[in-house]
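Beneath this line is the structure, given in structure tokens, with notes to follow.
The values are calculated or read from the model by the stated rules, or taken from the named source; none is laboratory data. Worth saying up front: this structure is predicted, and the values here are computed from it rather than measured. Here the Cβ positions follow ideal geometry from the backbone for every residue, glycine too, while neighbour counts run over all protein chains shown. Accessible surface is based on the protein model in full, side chains and every heavy atom, while ligands, DNA and RNA are left aside. Shrake-Rupley method; radii C 1.70, N 1.55, O 1.52, S 1.80 Å.
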Amino acid sequence: MHKTIRLLLISITFVLLFGQMTNAEHLPYYHYVTNIERTVQDEIIWFWTPDTMKGPFHSNDYVGIRWSPRFYGRFSTSQDRYLEYQANPYFEYEPIFNAPPVEFPGRLDNLRRRPFPWVPSQNGRKMTWIKMLGEQGIDIYQYPHGTPRADSLFEHLPVPDDQIIFVDGDVEVEGTLFGTLTIGCSGNMYLLDDCVYDGASRVGGFEEDEMPHMLGLASERNVIIKNTIQNGRNNGGDNWDGPMNRHSIIITAAIVALNESFTFEQQNNDWDRYQGPEPDERGYIFLKGSVAQYRRGYVHHWNHQGTGYGKDYDYDNRFRRDGPPGLGPAEIGVVEGIHDRIELRVRRTYQIRNASIGTFIISPGVELELIGQQPLVVRDSLIMRGTEDLPIRIRTGNPENRTLFRVERGAQSY
């Protein structure tokens, strides 16, 4: 039996307006995105000198600005203004107010849908410890929650390729990544030490066009920098000229704290059982990636004359068009905006609207729902891998209206 796919490719004048942000972008698209700016104690965490943000920035809440922070890239908020106190910020572009809110889903369903492996915690009785070992792959350990860390091997994994590990509970993470991986958990995620790409610099820098590795660190609760010696415990930041394994933390990843915060452990609050030295400066967070957090968390406090970390955040521009496994633009079920390359691999229905894609690859069993009269331009290559048993289905969001999409075909297209 012959298979036929009839595509109507009509040359039309195609105008897409991408200037306005929508609420359907994947969370790592933003250098920084948050839903609530105030802490649970209703404190404002201000952006101030020397804070510098280097990519798309959005908050659904009122952003607090003091003195002279710098925002390179689009700054937007869903409110009608930002809060200011002696503020003289620098904006590369005119701020956008009353922007549509960014959606924070309640669970990491994209990660829960296809994990390998799924790691149980026996109703919280086990703590999971994941060590990324570069070209040696990944070791997963488990030990009784609340006891000293132990190297009781749960499973060894080879180098990950588009892999998702999901822990049904709390997890500790550290190490060097070779490959493409997302680690997700239903509980808190604790960063014991650097989480960095193989080949990155001493402080996590790399050439984006030459970096093949990609990491997601996603929790349905908090992502917490653990108060370890390697992360600067006991005023390790005072040892700034010494080895990096005594202060600071390097993170090359898309960080997602879906229902809580990206923050640090043991902040020397009055109610904390642990009280560190005065001061308790632990160094810097060297982040090359992105941060999405439901509620903004402290990474530095003025307790004990200074507690926590300075920020050295740099955006991974690859996240504008792609993301770690389970966190990319095609994984949220809505494809829109400008992308160099998208591959739809999971068998499900995807909504396509106001999308311009360089190379568009569609796997067997995928269904496309085209929203609007002109939802899609493929600028170069369209690859549709439907089979007789698993066809690719294309339908319009409104059966009463005609829907068109256009393939422009570049010089090297196929």
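For region 59-110, please list each of the strands (runs of 3 or more DSSP E) lying entirely inside it that holds at least 1 residues being open to solvent by 40 Å² or more (accessible area, probe 1.4 Å) and on the phi > 0 side of the Ramachandran plot. Reasoning before the result, please.
Working: elements: 64-67, 75-77, 83-87.
Answer list for region 59-110: 64-67, 83-87.
Is it the case that some residue within region 165-176 is part of a loop (DSSP other than H, G, I, E, B) and of a type in the set (Val, Ile, Thr)? Outline the logic, then answer.
Let us first name the residues in region 165-176 that are part of a loop (DSSP other than H, G, I, E, B), namely 169-170.
This time we only want the ones that are of a type in the set (Val, Ile, Thr), so: none.
Looking through region 165-176, none of the residues is part of a loop (DSSP other than H, G, I, E, B) and of a type in the set (Val, Ile, Thr).
Kindly indicate the residue of region 111-138 that is under 19 Å from the mean Cα position of the chain (by Cα) and buried (at least 18 other Cβ atoms within 10 Å of the Cβ) and also nearest to Leu327 (Cα to Cα) among those meeting that condition.
Looking at residues that are under 19 Å from the mean Cα position of the chain (by Cα) and buried (at least 18 other Cβ atoms within 10 Å of the Cβ), I get Leu111.
How many of the residues in region 9-50 are surrounded by 12 or more Cβ atoms within 10 Å (Cβ to Cβ) and either modelled with pLDDT of 50 or more or within 19 Å of Ile255 (Cα to Cα) (or both)?
Matching residues across region 9-50 total 24.
Could you look through region 236-260, keep only residues that are assigned to a loop (DSSP other than H, G, I, E, B) and open to solvent by 10 Å² or more (accessible area, probe 1.4 Å), and pick out the one that is farthest from Ile164 (Cα to Cα)?
Asp241
For (1) of a type in the set (A, V, I, L, M); (2) closer than 29 Å to Arg202 by Cα; (3) surrounded by fewer than 20 Cβ atoms within 10 Å (Cβ to Cβ), each residue gets a yes or a no:
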position: Thr147; (1), (2), (3): no, no, yes
position: Phe154; (1), (2), (3): no, no, yes
position: Gly169; (1), (2), (3): no, no, no
position: Gly179; (1), (2), (3): no, yes, no
